[in-house]
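Colleague: The structure's right below; bear with me while I get my questions together.
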Amino acid sequence: MRRSKTLARIRNREVVRTAVLGHFIPAYVCHAARAGYDCIWLDLEHRAQDIREIQALLAYAHLYDIDILLRPPTLEKTGLYRYLEDGAAGLLIPHVSTPEKARMLVDSVKFPPIGDRGLDNAGLDADFHIHDADTYVAWANRETFLTVQIETPEAVRNAEAIAATPGVDAIFVGPGDLGLRLRQTKEMTLDEAFERVAAACAKHGKAWGCPAVSPEELKKRKAQGAQLLVASSEFHSWMTDLKSSISKYD
């Protein structure tokens, strides 16, 4: 069974180098691993893939020893932990605005005594059933991780209670959704929201992160204590390459 590179870097107080993927491109998994990334954020909230494509990408991630942080299109309990059984190293759950929802998610993806996940011990994550159940459960609670997204003003107000929830391993600020709502409510600035989340995570010993594509943003968030930093963009890199390539025809 794999050891999570994301959790290893978090525990060593290092930055997790995270890439982004939303389409079925197996070669991307290999190249991200070879480039030195620790983790791939696989977005299934806004992108669609069938289950066999997802399982294939997770298998490639095991082959090339890189974490997959999967953002699922469901909150259904068995649907969530099946992604872990299929080999996801972690789950990234959007729109978690209350500690009650955070606790519900912990129950779905962590085994007792932390949560209430159902036991199978026969998936890719368990090397297809070559370990005893107690060893598997201890490994899963130690080496798979739950990340919840702060994307609403309510979530920022509840950031400390969410960060204090046992079984929540990391918090991820979604500046797109959060910024949209803050511009409408004028409750606080986006920078103020980041500061509140950073303080809550520091108080409760939880890792946090966000997208940080530009070098300036990456430096700024690192200075605030962020570890789970997404310093690439699937579409930005493609568009940059396309624009560079098309100039060759001039």
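Colleague: What nm distance separates the two modelled labels at Ile25 and Ala223, each placed 7 Å from Cα along Cα→Cβ?
Modeller: It is 3.2 nm.
Colleague: Between Arg13 and Thr189, what is the label-point separation in nm under the 7 Å Cα-to-beta-carbon projection?
Modeller: 2.9 nm
Colleague: Another question about this same structure. Is it possible to state the helix-based mean residue ellipticity at 222 nm for the chain, with each DSSP H run of 4+ residues giving -39500 (n - 2.57), the sum divided by total residues, to the nearest 500 deg cm²/dmol? What is it?
Modeller: Numbers: 12 runs with 119 residues, N = 250.
When only DSSP H runs of four or more count, the value is -14000 deg cm²/dmol.
Colleague: From the Cα gyration tensor of the chain, with a ≥ b ≥ c the square roots of its eigenvalues, which class applies: rounded if a/c is under 1.5, or else prolate if a/b is larger than b/c, or else oblate?
Modeller: Since a/c reaches 1.5 but b/c is at least a/b, the shape of the chain is classed as oblate.
Colleague: Follow-up question, since we're still on this one. Which of the lysines could be linked to Lys77 by a straight reach, that is with a Cα gap under 18 Å, when you skip same-chain ones fewer than 8 residues away?
Modeller: Lys101, Lys110
Colleague: Here's another thing I want to ask about it. Using 7 Å Cα-to-Cβ label points, what is the Asp116/Met104 separation (nm, one decimal)?
Modeller: Once both label points are built, they end up 1.2 nm from each other.
Colleague: For Ile40, list long-range residues whose amide hydrogen, built 1.01 Å from N in the peptide plane, is under 5 Å from its own amide hydrogen.
Modeller: Answer set, sorted by chain and number: Ala19, Asp67, Ile68, Leu69.
Colleague: Another one. Report ³J(HN,Hα) in whole Hz for each residue of region 154-169, in order, from the Karplus equation J = 6.51 cos²θ - 1.76 cosθ + 1.60 where θ = phi - 60°; Gly and Pro get x.
Modeller: Karplus values, whole Hz, x for Gly and Pro: 4, 5, 5, 4, 9, 4, 5, 5, 5, 5, 7, 6, x, x, 7, 8.
Colleague: Tell me which residues come under 5 Å, amide H to amide H, from Ile150 once H is placed; ignore anything under 5 positions away on its chain.
Modeller: Residues meeting the criterion, in which the H sits 1.01 Å from N, are Phe172, Val173, Gly174.
Colleague: Enter the Cα centre distance for the pair region 18-64 and region 157-210, rounded to the nearest angstrom.
Modeller: One Cα centre to the other: 26 Å.
Quick note: the coordinates plus some simple rules give every number you see, no bench work behind them. Since the model is a prediction, treat every value here as computed from it, not as a measurement. Glycine gets a Cβ as well: all are built from the backbone with ideal geometry, and neighbour counts include every protein chain shown.
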